[in-house]
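J.: For reference, the structure I am asking about is given below.
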Amino acid sequence: EPTAEQQHFEHLISEDSRVEPRDWMPEAYRKSLTRQVSQHAHSEIIGMQPEANWITRAPSLKRKAVLMAKVQDEAGHGLYLYSAAETLGTPRSVLNEQLLSGKAKYSSIFNYPARTWADMGAIGWLVDGAAICNQVPLCRASYGPYGRAMVRICKEESFHQRQGWEILYELSHGTEAQKQMAQDAVNRFYGPALQMFGPPDADSPNSQQSMQWNIKRFSNDELRQRFVDMIVPQAEALGLTLPDPDLKWNEARGHYDYGQLDWNEFMSVIKGSGPCNVQRMKRRREAHANGAWVREAAEAYAQRQARQAAE
Ligand code: ACO
């Protein structure tokens, strides 16, 4: 016999309603959400690094201001997401420790280097574009704090995608060398951006349960297909090609077919052997250590406030 609490949870899910922090929830639901939301938060924070790398070298004051705003937005996304994750019961210090110790994952895509200015364009267009495709359905995730955080994040991601598109558009309509730089960036980021959606459905251990719980609304392959269908005409408008000889319209399916992705590479990147994993983690540990005084000061301030309130 399910308890009244269990029935309430099942009812919320079957009504496509929202689960809030005060509600009873199965331990497995709590655990899987903590996993997904914290990995998502870590990705936003680690994702600041490839772009921060270009702030000092942006080609104009305007580009620099835009890029700085974008990188700050990513920090904000990390903060909303850590806050949403904390409502599930695990403190941020613990989540952070899981990242620093290498136990928690973060998105594969941020383990690739940003080599040229055009990479800022490709990251905005393809990486943030993939992020939007994946995250818009998460605005309806059954867990309230996560879904609400995603609404604002998606609005900001749309701006990020537009700024990436605009960088690539200018480069692809510039000199021959600029156009080549844009094409080279797209060549390097296309495959890894498609892999952001996660392993193929048959190899995705979490999807089925997450979909039953209304956390995920579409499978990894469904969202990947949606993304491919979206970027093909956009690439044409940019005058750039997508580096996949198997990419072609399939009239019967009403979708673009695309070629096999390199899943061995993906597995090796998420296991820590991508081109920049070591560098990204080293930088994050340094930043955390350098921020110790801020955490200590905030803690001392909070304690003083609490003492004064008690007096
Ligand atoms: N990079 C790193 N790890 C990944 C990736 C990826 N691109 N895709 C899947 N994985 C991991 C999963 O986290 C899972 O590992 P775990 O069980 O140890 O947690 C494993 O591979 C198997 O994958 P799935 O069973 O498909 O996992 P899940 O159902 O959680 O789906 C997905 C993965 C699609 C990434 C989902 O967690 C999600 O939508 N997350 C929110 C979005 C997000 O995190 N975006 C971050 C990048 S976008 C940005 O920050 C700009």
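J.: If you plug each phi of region 138-155 into the Karplus form 6.51 cos²θ - 1.76 cosθ + 1.60 with θ = phi - 60°, what whole-Hz ³J(HN,Hα) values come out, in order, with x for Gly and Pro?
T.: 6, 4, 9, 4, 5, 7, x, x, 5, x, 5, 4, 5, 4, 5, 4, 5, 4
J.: May I ask you to evaluate 6.51 cos²θ - 1.76 cosθ + 1.60, the Karplus curve with θ = phi - 60°, for each residue of region 221-236 and list the ³J(HN,Hα) values in order in whole Hz, giving x for glycine and proline?
T.: Listing the rounded values in order: 5, 5, 6, 4, 5, 4, 5, 4, 4, 6, 7, 4, x, 5, 5, 4 Hz.
J.: Only Cα pairs within less than 10 Å get springs; with that Gaussian network setup on the chain, which residue of Ala292, Ala130, Ala84 has the largest fluctuation?
T.: Highest fluctuation of the listed residues: Ala292.
J.: Can you tell me, using C-alpha contacts under 8 Å and at least 6 residues apart, the relative contact order of the chain as a whole percent?
T.: Computed value for the chain: 18 percent relative contact order.
J.: Taking amide hydrogens as modeled 1.01 Å from N in the peptide plane, which residues meet the under 5 Å criterion relative to His255, leaving out close sequence neighbours?
T.: It is Asn250, by chain and number.
J.: Can you tell me the orientation of helix 176-195 relative to the chain, as the angle in degrees between its alpha-carbon axis and the longest Cα principal axis, to the nearest 10?
T.: Approximately 40 degrees, to the nearest 10.
J.: Another question, if that's okay. What trypsin sites (Lys or Arg not before Pro) does region 20-119 have in DSSP loop regions with at most 15 other beta carbons within 10 Å?
T.: When the trypsin sites (Lys or Arg not before Pro) of region 20-119 are filtered for loop state and at most 15 Cβ neighbours within 10 Å, Arg22, Lys103, Arg115 remain.
J.: Rounded if a/c is under 1.5, else prolate if a/b beats b/c, else oblate: with a ≥ b ≥ c from the C-alpha gyration tensor eigenvalues square-rooted, which is the chain?
T.: In terms of gyration-tensor shape, oblate.
J.: Same structure, new question: Please identify the GluC sites (Glu not before Pro) of region 243-310 that satisfy two criteria: DSSP loop assignment and at most 12 other Cβ atoms within 10 Å. Which are they?
T.: Numbers: sites: Glu251, Glu265, Glu286, Glu296, Glu299; in loops: Glu251.
Counting only loop positions with at most 12 other Cβ atoms within 10 Å, the GluC sites (Glu not before Pro) in region 243-310 are Glu251.
J.: Taking the chain as a Gaussian network, Cα atoms linked when under 10 Å apart, which of Leu12, Leu126, Leu88 shows the biggest mean-square fluctuation?
T.: Leu12
J.: I would also like to ask the following. Among the GluC sites (Glu not before Pro) in region 6-43, which ones are in a DSSP loop with at most 10 other Cβ atoms within 10 Å of the Cβ? Mind listing them?
T.: Qualifying residues, ordered by number: Glu15.
J.: Please state the shape class of region 84-187: rounded when a/c is under 1.5, otherwise prolate if a/b exceeds b/c and oblate if not, all from the C-alpha gyration tensor.
T.: Note, shape of region 84-187 comes out oblate.
The numbers here are math on the coordinates, done by the rules we state, and not lab data. Worth saying up front: this structure is predicted, and the values here are computed from it rather than measured. Neighbour counts run over all protein chains shown; Cβ positions are idealised from the backbone, glycine included.
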